[in-house]
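Colleague: Got a structure for you, questions after.
FYI, it's all coordinate maths here, none of it is from the lab. Computed from a predicted structure; not experimentally measured. Don't worry about glycine lacking a Cβ; one is built from the backbone with ideal geometry, like all the others, and counts go over all protein chains shown.
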Amino acid sequence: FHDYSYLHESFHYRCEDLDHPPLLCHICLLNNNSNKIKTTFTAWCNSHLRKAGTQIENIEEDLRNGLKLMLLLEVISGERLPRPDRGKMRFHKIANVNKALDYITSKGVKLVSIGAEEIVDGNVKMTLGMIWTIILRFAIQDISVEETSAKEGLLLWCQRKTAPYRNVNVQNFHCSWKDGLAFCALIHRHRPDLIDYAKLNKVSDQQRLNLCFSSCTCDCICLCAPDIINTPKPDERAIMTYVSCFYHAFAGAEQAETAANRICKVLGLLEWIRRTTPWLEKRTPENTVEAMRRKLEDFRDYRRIHKPPKVQEKCQLEISFNTLQTKLHISHRPAFMPSEGKMVSDIAAAWQGLDQAEKGYEEWLLTDIRRLERVEHLAEKFQQKAATHESWAQGKDQLLTLKDYESASLTELRALLRKHEAFESDLAAHQDRVEQIAAIAQELNELDYHAAAVINERCQSICDHWDQLGTLTQKRREALERTEKLLETIDQLFLEFAKRSAPFNNWMEGAMEDLQDMFMVHSVDEVQSLISAHDQFKATLAEADSERQAILSIYNEVQKIAQSYGISSKLTNIYCDITPAIINQKWEKVKKLVPQRDGTLHEELSRQHANERLRRQFAAQANAIGPWIQTRMEEIARCSADLAGTLEDQMNHLKQYEHNIINYKPNIDRLEGDHQLIQESLIFDNKHTNYTMEHMRVGWESLLTTVARTINEMETQILTRDAKGISQQQLNDFRSSFTHFDRKGGMETDDFRACLISMGYDLVKNSSKGEAEFARIMSLVDPDGAGVVTFQSFVDFMTRETGDTETSEQVIASFRILAADKPYILVDELRRELPPEQAEYCISRMPPYQGPDGVPGALDYTAFSTVLYGETLYCIVLLYQTKKKHTHTKYQILNKATNNNHILYFLPCLVCVYDYD
């Protein structure tokens with residue numbers, strides 16, 4: 001229900017500064033062209049009052065007495081109001097208006113600030129507000145469309161009815177109606193015979209509105225087309241009022257049509273009963289559960305959807321018939337008698353038959369559905385088990401009829417046998433499935449399965465195939481066991497063949513290797529040994545051939561068994577890869593290689609005899625030439641080391657040796673010729689001699705080089721002696737020292753350093769002073785940096801080094817001067833004339849004078865000088881005097897002294913040098 005403020009919500013956008021609802025209504029009516037609203041409301045009131053045979057001309061005057069107001073409410077509500085007062089006095093009019101207002105209030109409408117006095121006084125604003133309230137309550141509020149009512153419901157109804165029409169978009173009750181298309185669409189939707197909607201797009205808006213208002217034959221008010229077109233925003237109350245008339249006019253027509261349809265349905269009830277009963281009495285079973293369930297769903301839809309309305313129609317028909325009969329009876333009119341066959345009793349009888357048919361129909365449906373569910377379950381189960389079995393059994397008969405065992409080895413056959421045993425176990429396990437398939441087929445026959453014939457045929461096929469598999473399984477087992485025994489025999493023969501053929505094959509391979517061996521012999525004895533071994537091998541060939549025949553007979557036995565029992569002849573020996581063809585091939589090769597080996601050995605024997613003759617011939621010459629060269633080398637060495645004779649005598653001896661050596665050259669040439677023959681014969685050893693041609697060549701070249709070098713050295717020594725004025729004794733000393741350290745015809749750097757150190761030079765390695773001194777000396781003796789010091793360079797160096805050295809005679813003469821020509825010298829004289837250190841040295845080392853003219857304390861300076869400058873102690877005295885060269889060791893000095901047999905004179909000097917170090 002709407003209160004007074006709700007009735008004016010549509011005007012709130014114009015009066016949003018006003019808060020009092022009653023004032024709001026009046027001001028809105030004044031501000032919105034009250035004359036146009038008055039016209040519209042007057043037309044609305046007349047549209048209803050004409051039903052009571054009256055109308056009004058001036059709404060504010062004709063409603064003042066309240067009579068037509070009460071009549072208007074009775075017409076639009078269909079109810080009777082209290083009897084009006086017929087007086088013409090003011091209070092009578094107020095009483096009538098109050099009755100009308102009380103009735104409006106009783107319908108839930110709150111009238112605020114609207115009193116009977118304002119209506120009686122002809123207040124236009126209050127009168128129009130009251131009429132608008134009546135329109136809202138009785139013309140608009142009861143409109144209900146999809147859970148919306150009043151204004152929203154009316155708007156939704158307009159939108160739904162005009163939705164299919166182009167260019168019509170109803171969003172409100174003012175601007176959406178200005179072009180007239182919405183009005184025309186509503187009329188065309190309910191009365192398409194009144195308006196040709198397709199032609200409306202060619203006319204103006206005013207023409208459309210005029211056409212709409214003139215074409216509508218329903219009891220509606222008429223609006224003024226110019227008022228709608230010429231207004232920016234048409235009046236919403238006028239549009240709503242006009243549209244509400246459309247709604248009630250067209251909605252009433254729809255209700256009439258619905259009532260007519262209901263009557264037709266009631267009249268068609270009997271026909272529905274007569275049509276439904278045979279459907280319920282038909283009990284033909286379907287073949288599938290789905291089909292039966294659809295029947296059950298149809299039956300339940302019938303019980304839930306189709307039958308209840310028919311029950312309602314039947315009850316309504318009975319009620320209407322009884323009500324009609326009662327009213328006719330009360331009105332003393334004759335009872336209504338329907339035509340034959342359409343009486344209520346006929347409908348009741350038909351309905352009773354429908355109930356009887358309905359009673360057992362559902363139970364039959366449920367029972368048959370359970371049966372079909374069981375049947376379909378069994379059929380599905382049968383199909384699954386049959387498909388599983390057929391899938392398993394597919395190809396099994398082909399596998400069982402295979403003869404793969406005929407070409408299998410023993411290992412493969414045993415695998416086939418184990419595989420067959422596994423198949424037999426699998427076959428036994430499938431026995432239960434086959435029995436289940438047969439049982440399911442039997443139950444399907446008992447349940448009257450519609451495809452039982454197909455099931456029986458498939459079941460029989462499975463059983464027949466099962467029996468066939470059993471027979472084939474037994475036959476295959478027998479064949480496998482029989483073949484296994486044969487292959488075990490063959491396997492034993494193969495094993496024996498392998499045991500005997502493998503050693504024989506190895507023997508043949510070894511024999512071929514030996515017969516083809518590229519032997520390397522160097523003597524007749526070695527060839528004779530090979531020939532003897534080859535003869536022994538030939539003696540074993542007969543026995544070997546017997547073994548070969550025995551081995552081949554084993555293989556032939558295998559072939560006979562295979563051919564006799566239909567086993568594949570392409571059997572493979574798993575114990576070895578040797579075949580008879582390989583054995584025969586290698587045997588033929590051995591027989592072919594034997595004579596080839598004979599010829600090769602005898603050819604080698606002849607070659608070794610020839611080599612032996614060459615060896616002996618070469619050895620005879622080499623054994624003579626080798627000692628001769630060695631003897632000449634020793635003679636030349638002795639001649640060059642001999643210091644007894646003069647250099648000229650040594651030169652003559654050496655030239656005589658050189659002449660003899662040159663005359664011996666033809667012997668060397670003959671030896672070279674024999675060696676050439678040996679090389680051509682590829683002889684690498686000779687047990688008859690230890691000499692080789694390389695030894696001979698080296699020795700001969702060394703002999704020639706040695707004699708030439710020695711002669712050259714002799715000539716050089718002679719020239720040096722003569723040029724330098726060196727005595728023969730000094731030259732011999734130089735040669736002795738050089739020879740001691742010479743290793744290769746000249747002293748190398750380290751040998752020369754050792755020689756100098758032995759003579760007292762301070763040339764110790766890793767000493768800057770010693771290294772500098774040695775570098776200076778090497779620049780003198782080896783200016784070219786060859787790293788070798790020749791004897792001539794050594795002699796030149798020693799000559800320079802000893803050129804200023806005093807001799808023993810000069811020293812004796814010096815001592816004689818100090819001693820005043822006496823043969824002896826005294827201690828006091830030494831201490832007076834010499835430095836203290838040298839004086840004490842001489843005193844301690846000079847022997848006493850033994851001459852007859854000596855005096856006590858006299859010292860023998862002659863003996864002292866002789867010993868000091870003797871051959872053996874020359875270097876020691878020189879060391880002490882210079883005090884520069886003292887790095888030599890006492891062991892070298894001792895060695896030189898003892899070699900020259902001056903040990904008695906050396907011992908004091910040795911003690912002195914030792915103390916000095």
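Colleague: Grab the other residues whose beta carbon is less than 13 angstrom from that of L834, score K and R as +1, D and E as -1, and report the net.
Modeller: Result for the neighbourhood of L834: -2.
Colleague: Extension gain D649-A772, at 0.36 nm per residue separation less the Cα-Cα distance, in nm?
Modeller: Length difference between fully extended and current span is 40.1 nm.
Colleague: Okay, next question. When we measure straight from the Cα of K110, which aspartates and glutamates land under 18 angstrom away, once same-chain ones fewer than 8 places off are left out?
Modeller: Once the sequence-local aspartates and glutamates are set aside, what remains near K110 is D3, E9, D19, D102, E118, D142.
Colleague: Another question, then. Ranking F213, F382 by Cβ neighbours within 10 Å, fewest first, what do you get?
Modeller: The order, fewest Cβ neighbours first, is F213, F382.
Colleague: Compute, for the stretch 808-869, the length of the dipole vector about the Cα centre, with Cβ point charges of +1 (Lys, Arg) and -1 (Asp, Glu) only. Units Debye, rounded to 20.
Modeller: In debye, rounded to 20, the stretch 808-869 gives about 40.
Colleague: Calculated FRET efficiency, E297 and D346, Cβ-Cβ r, R0 41 Å, to nearest 0.05?
Modeller: 0.85
Colleague: With unit charges on the beta carbon (Lys/Arg positive, Asp/Glu negative), name the residue among V594, Q621, I531 whose Cα is farthest towards the positive pole of the charge dipole of the stretch 502-622.
Modeller: Checking the options against the dipole of the stretch 502-622, the answer is V594.
Colleague: Given 4 °C and 1.567 mPa s, how large is the Stokes-Einstein diffusion coefficient of the stretch 630-795 in µm²/s, with Rh as the Kirkwood radius over Cα pairs?
Modeller: It diffuses with D of about 69 µm²/s by this estimate.
Colleague: Going by amide H atoms built from the backbone, whose H comes under 5 Å of the H on I825, apart from near neighbours?
Modeller: Under 5 Å from the amide H of I825: L859, Y861.
Colleague: Within 10 Å of each residue's Cβ, count the other Cβ atoms and sort K282, K589 from fewest upward.
Modeller: Lowest count first: K282, K589.
Colleague: Summing Lys, Arg as +1 and Asp, Glu as -1, what charge do residues with Cβ under 11 Å from the Cβ of D491 carry, D491 excluded?
Modeller: Neighbourhood net charge equals -1.
Colleague: Now for a different question. For A820 and A863, what does the FRET efficiency come to when R0 = 22 Å and r is the distance between their Cβ atoms, rounded to the nearest 0.05?
Modeller: Once the sixth-power term is evaluated, E becomes 0.70.
Colleague: So, in nm, how far is label D102 from label Q549 when the simple model puts each one 7 Å beyond its Cα toward the Cβ?
Modeller: 15.7 nm
Colleague: Could you give the dipole magnitude of the stretch 29-171 about its Cα centre, charging the beta-carbon of Lys and Arg +1 and that of Asp and Glu -1, in debye to the nearest 20?
Modeller: 240 debye
Colleague: Can you tell me which aspartates and glutamates have their Cα less than 16 Å from the Cα of K822? Leave out same-chain residues fewer than eight positions away.
Modeller: Those aspartates and glutamates meeting the cut-off are E809, E833, D853, D860.
Colleague: Something else: So what are the ³J(HN,Hα) numbers for the stretch 366-382, from phi and the Karplus equation (6.51, -1.76, 1.60; θ = phi - 60°), rounded to whole Hz, Gly and Pro as x?
Modeller: 5, 4, 5, 5, 4, 5, 5, 4, 5, 5, 5, 4, 5, 5, 5, 4, 4
Colleague: Now a separate question. Could you work out how far apart the two model spin labels at A52 and E748 are, taking each label as a point 7 Å from the Cα in the direction of the beta carbon, and quote it in nm?
Modeller: Between A52 and E748, the simple spin-label model gives 16.2 nm.
Colleague: What residues qualify as long-range amide H neighbours of N172, i.e. H under 5 Å apart, gap of 5 or more or another chain, H built at 1.01 Å from N?
Modeller: For N172, no residues qualify.
Colleague: Any chance you could run the full-extension gain for N584 through N287? It's 0.36 nm times the residue separation minus the Cα-Cα distance, nm to one decimal.
Modeller: 98.8 nm
Colleague: To continue, here is another question. R0 = 51 Å: FRET efficiency of Q838 with R697, Cβ-based, nearest 0.05?
Modeller: 0.25
Colleague: Determine the gain in length on full extension of the stretch C175-R274; use 0.36 nm per residue of separation and subtract their C-alpha separation, reporting nm with one decimal.
Modeller: 30.0 nm
Colleague: Here are some pairs, K419/K475; K151/K199; K538/K591; K560/K592; which of them have Cα atoms lying more than 21 Å apart in this structure?
Modeller: Where the Cα-Cα span goes over 21 Å, the pairs concerned are K151/K199; K560/K592.
Colleague: Out of residues 5 or more away from V789 or on other chains, whose amide H comes under 5 Å of its own, with H placed 1.01 Å from N in the peptide plane?
Modeller: Amide H to amide H, under 5 Å and 5 or more residues apart or across chains, V789 pairs with M747, E748.
Colleague: Can you put L703, L72, L447 in order of Cβ neighbours within 10 angstrom, beginning with the fewest?
Modeller: Least to most surrounded, the residues fall as L447, L703, L72.
Colleague: Which distance in nm do the two modelled labels at H377 and R80 give, with both placed 7 Å along the Cα-to-Cβ direction?
Modeller: Label-label distance for H377 and R80, simple model: 7.3 nm.
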